[in-house]
Every structure is written in structure tokens, then in C-alpha cells.
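Trainee: Provided herewith is a single structure, encoded as C-alpha cells, for subsequent inquiry.
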Amino acid sequence: MNNLKSVDLSKSYTTNEESIDVLHNINLTINLHDQIAISGNSGSGKSTLLHLLAALDTPTSGKICIDDVDISSFTKNELSKHRLENFGFVYQFHHLMEDLTVIENILIPGQLANTNPSLNDDAHELAELIGLSHRLNHLPWKLSGGEKQRVAIARALINKPKIIFLDEPTGNLDDKNAQIIQDLLFDISNKHGVALVAATHDNNFIKNFKTIYKIEDKTISEI
């Protein structure tokens, strides 16, 4: 995979027989190594756009292309395989499995993909990278909010994705932990060429990105 592209992408929802337009004719290209922030007011469609780009939702019209191939042509299994192999996800809330240890949480996407013979070694290396190698056998309730988010980042990296999608990853953290998460993400992106695509309100986070877009009135523009 070399790039991900949205072409005239639109999304609307129907509630109580009323159609609500969220996004209209969004054209966006994400190349490997890109660092893209998507800003906008609450409810502007930032999270919706991330979900569409990551093939977690389907557009009302327009298309998502991977290397110029429309993903609507993919079977459900092909789409799942693509997400596992190419995308990582980090959300505002870590969504860890509370009855699994740190190392078990990190391993989940790799076990689902079942393609990496050195999976356990890679998981331990990631735990070292995020500074939690001493917490491998701890359950999430024993971790701080910042530590949980670091585990979520390691989990997102276990399959060596091309793109990590970030939905307000610092929104639930204090300033100190938010800075730790920012530094970790950009260090990983710069060293390993992982593209970052983040929806965020955090101005301290936004200023680190090479490219910044804003969603306003259902459309997107670079700022």
C-alpha cells in the first residue's frame, strides 16, 4: 500500500425519517510518512471521516481508494485483512480488554492476523518502546490513564501498520501525559515511516503536524 485516497466522499445519516448531511465531497490523499491533523468543531465530522478512511464505515456517495483501487470492490474478508495489515487505531478512550494483561492486549491484533512468527518478540519490543516492559503482566486497572494509552499505541503498532488513525488520543489525558503520548507518536512516525492521521481539538498536538486540515460546513480545506 502506497496511498489512501477519498474521492468526492460524502456521508449522511437518516434519523426519524430526516436526512442529516455530515460530510460533502471530501477529497483527501494520505501518502506513506504523512503526518496529518484534522481539526474542526465538535460534531463537524472529524471522527466520521476517520471511520470512513479506515474502512470502519461506508460512505453515502463517493469512494475510498487504496492505490487507486476502490475498496467497495473488496469482499468483507479482504477488507478485514487490509485493516489488520495496514491500519492501526488509537482512540480517546483506550478500549483495552480489562481482563487481559498488558502484553495480552498488545498481542490481540497480531493474533488475529496470524502472519507474524516473531509476534511475541515484537510485542516485548513494543512494551520496551512505550516504557512498560516492567508492567507486562499487569491488568489495565493497575495502570494510569497515560500508561493505558501507551498500551493502546503499542497494540496499534503490533502489525506494523502503514497508517495509524488517532481519534482525540490526548483528549482524556492531563498535560504531562498528553505530551508523553505526543512525543511517542511522532518519534514512532519519524523513525519508522508510519503515517499519522489525527482528529483532534488539542492545539498543542495539532502544531506538531506537517499538514493540517479543517472540517467546516461539511467540507475540508487545508490551513
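Trainee: If you wrap region 3-218's Cα atoms in a convex hull and average its projection over all directions, what's the area in nm²?
Mentor: 12.5
Trainee: State the Cα centre-to-centre distance between region 33-92 and region 190-223 in whole Å.
Mentor: 15
Trainee: Using a 10 angstrom cutoff on alpha carbons, build the Gaussian network for the chain and name the most mobile of V197, V151, V22.
Mentor: V22
Trainee: On a 0 to 90° scale, report how tilted helix 119-129 is relative to the longest principal axis of the chain, with both axes built from alpha carbons and the result rounded to the nearest 10.
Mentor: Rounded to the nearest ten degrees, it is 90.
Trainee: Please list 3J(HN,Hα) in residue order for region 152-166, calculated via the Karplus relation 6.51 cos²θ - 1.76 cosθ + 1.60 where θ = phi - 60°; whole Hz, with x for glycine and proline.
Mentor: Result, ordered by residue: 4, 5, 4, 4, 5, 8, 4, 9, 6, x, 7, 9, 10, 8, 10 Hz.
Trainee: Can you list residues from other chains, or at least 5 along the same chain, whose modelled amide H is less than 5 Å from the amide H of V22?
Mentor: Long-range HN contacts for V22: K11, S12, Y13.
Trainee: To make sure I understand, if each residue's beta carbon is the centre and we count other beta carbons within 10 Å, what order do R150, R135 fall in, fewest to most?
Mentor: R135, R150
Trainee: Follow-up question, since we're still on this one. Taking the simple approach of a point 7 Å from Cα along Cα-to-Cβ for both E18 and E98, what is their distance in nm?
Mentor: 3.5
Trainee: Which one, I188, T15, L173, projects farthest toward the positive side of the charge dipole computed for the chain from Cβ point charges (K/R +1, D/E -1)?
Mentor: I188
Since every read-out is calculated from the coordinates, none of them should be taken as a lab result. Just so it is clear, the structure is predicted and the values come from calculations on it, not from any experiment. Reconstructed Cβ throughout: ideal geometry from the backbone, glycine too, with neighbour counts over all protein chains shown.
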